[in-house]
1. Ordering ASP163, ASP205 by how much accessible area each has at a 1.4 Å probe, largest first, what is the list?
2. Tell me whether segment 107-183 comes out rounded, prolate or oblate; compute the Cα gyration tensor, take square roots of the eigenvalues as a ≥ b ≥ c, and use a/c under 1.5 as the rounded threshold.
3. Heavy-atom accessible area of VAL90 with all protein chains present, probe 1.4 Å, nearest 10 Å²?
4. Taking only Cα atoms and a 10 Å spring cutoff, compute GNM fluctuations for the chain and point out the largest among GLN140, GLN162, GLN202.
5. Please find, in a Gaussian network model of the chain (springs between Cα atoms separated by less than 10 Å), the residue of GLY221, GLY31, GLY98 whose mean-square fluctuation is greatest.
6. Just checking my list [x] 16.9, 49; [y] 17.2, 57; [z] 17.6, 53 against Rg and Dmax of the Cα atoms in Å computed from this structure; which label fits?
7. So what is the orientation-averaged projected area of segment 59-189, using the convex hull of its C-alpha atoms, in nm²?
8. Rounded, prolate or oblate: which one fits segment 1-52, using the alpha carbon gyration tensor with axes a ≥ b ≥ c (rounded when a/c is under 1.5, else prolate when a/b beats b/c, else oblate)?
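The values are calculated or read from the model by the stated rules, or taken from the named source; none is laboratory data. Keep in mind that this is a model prediction, so the values were computed, not measured. For neighbour counting, all protein chains shown are included, and Cβ atoms are generated from backbone atoms with ideal geometry for every residue, glycine included. When the accessible area is computed, the model is the full protein with side chains, heavy atoms only, and any ligands, DNA or RNA have been set aside. Shrake-Rupley method; radii C 1.70, N 1.55, O 1.52, S 1.80 Å.
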Amino acid sequence: MTNALPTTRTEPVTEVTGPPVLLIHGFTATGDVDFPAERWAAPLAAAGRETIVVHLPGHGGGPAVDSADDVTTTRVLERLAEGVGPVSEVDVVGYSLGARLAWDLVASKLVPARRLVLGGLSPMEPFAAVDLAVARAAVQGGPQPTDMLTGIITGMVSAPGQDSESLLRLVEGLARESFDPAAGAPAVPTLFLAGQEDPMAQGVDQLVGLIADARLRQVPGDHLGALAGEEFRAAVFEFLGV
């Protein structure tokens, strides 16, 4: 039985012009929501690029989470790399949680990355500060959290269609290995993209200096709107040579 995370692959429809593009979605989103095929896979395929959309644990299209032990950062990255499979080179694009995972995936060299795009990345570690006992009680109908962060996460995981228990186990697992960008940085050309009205990406400029070949570009929109905007996608395609 494989532990590889499932992926959706779209082959190029013309002569191959570059490496596959790996797309990693955000927390409580899905690959289809963050990277709709008509906006991403289809134009990339037409430009000669394969697309690999990964489906994270606890999310739509991804496996349920039975234990936090299965979704520590290390385990998620290993399973993600296994899902990608053997490739000679790949471009990696992550958004929000997907950007956090993409940073560590490339820094650890679990996949042979050529270029990296990090969108909506927060320089802070949010999950370690979540009161999981309070959040679990709240999604079962108990008192609502009084601290803002736990309340935000609780609201996200309890939205219609979400697997709240799996998502909270994912939060628990990722929190065991907090995001620590200073511990190791990607060594490939990197583009940071941040929405001009996105509070979650505030302070991301602190991370740009940790990567030798990196640039930061602001695009219109808040955390959700930036990813959906045309300027974001155009910047990604330009950076990847599409």
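1. Values: ASP163 60, ASP205 95 Å².
Ranked from most to least accessible, the order is ASP205, ASP163.
2. Values: a/c = 2.47, a/b = 2.09, b/c = 1.18.
Note, shape of segment 107-183 comes out prolate.
3. Its heavy atoms expose roughly 0 Å² to the probe.
4. Among GLN140, GLN162, GLN202, the largest GNM mean-square fluctuation belongs to GLN140.
5. Among GLY221, GLY31, GLY98, the largest mean-square fluctuation in the Gaussian network model of the chain belongs to GLY221.
6. Only one listed value fits the structure, namely [y].
7. On the way: hull surface 32.7 nm².
Computing the convex hull of the Cα atoms and averaging its projections yields 8.2 nm².
8. Values: a/c = 2.71, a/b = 1.45, b/c = 1.87.
Oblate is the answer for segment 1-52, as a/c is 1.5 or above yet b/c matches or exceeds a/b.
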